[in-house]
Amino acid sequence: MAILVLAMLPAGVVMVQQGLDRSLQNPLFVFHKNVGVLLLMLVIARAVYRWRHPPAALPAELPGWQRR
């Protein structure tokens, strides 16, 4: 997911440049939109998974300063 977000940043910046040729701008827009939808679905899937599978409790022998 991080690689997709990092790929979207330059694509978003480049596609809004003034004077950019439409033959490059249109594929960048499609890429940016499709990857954004994919990332939204992945974030929702991860949130649902975390909601259905909560993390395990911390061990009792863990010092208090590590519990924060």
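Values computed for the structure shown
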{"read-out": "Projected area averaged over orientations for the chain, convex hull of C-alpha atoms, nm²", "value": "7.0"}
{"read-out": "Added length on full extension, which subtracts the Cα-Cα distance from 0.36 nm per residue, HIS53 to ARG22", "value": "6.6 nm"}
{"read-out": "Rounded to 10°, Cα long-axis angle of helix 2-15 versus longest principal axis of the chain", "value": "30"}
{"read-out": "Over the chain, relative contact order from alpha-carbon pairs under 8 Å, at least 6 apart, %", "value": "30"}
{"read-out": "Under the Karplus curve 6.51 cos²θ - 1.76 cosθ + 1.60, θ = phi - 60°, whole-Hz ³J(HN,Hα) for the stretch 35-51, x wherever Gly or Pro sits", "value": "5, x, 5, 4, 5, 4, 5, 5, 5, 5, 4, 5, 5, 5, 4, 5, 5"}
{"read-out": "Where labels lie 7 Å past Cα in the beta-carbon direction, separation of ARG46 and LYS33 in nm", "value": "2.5"}
{"read-out": "Residue-level accessible surface for VAL14, protein heavy atoms, 1.4 Å, Å²", "value": "60"}
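The values are calculated or read from the model by the stated rules, or taken from the named source; none is laboratory data. Every value quoted in this text rests on a predicted model; they were computed, and no experiment measured them. Backbone-built Cβ (ideal geometry, glycine too); neighbour counts: all protein chains shown. Areas reflect the complete protein model, heavy atoms only, side chains present, ligands, DNA and RNA absent. Shrake-Rupley method; radii C 1.70, N 1.55, O 1.52, S 1.80 Å.
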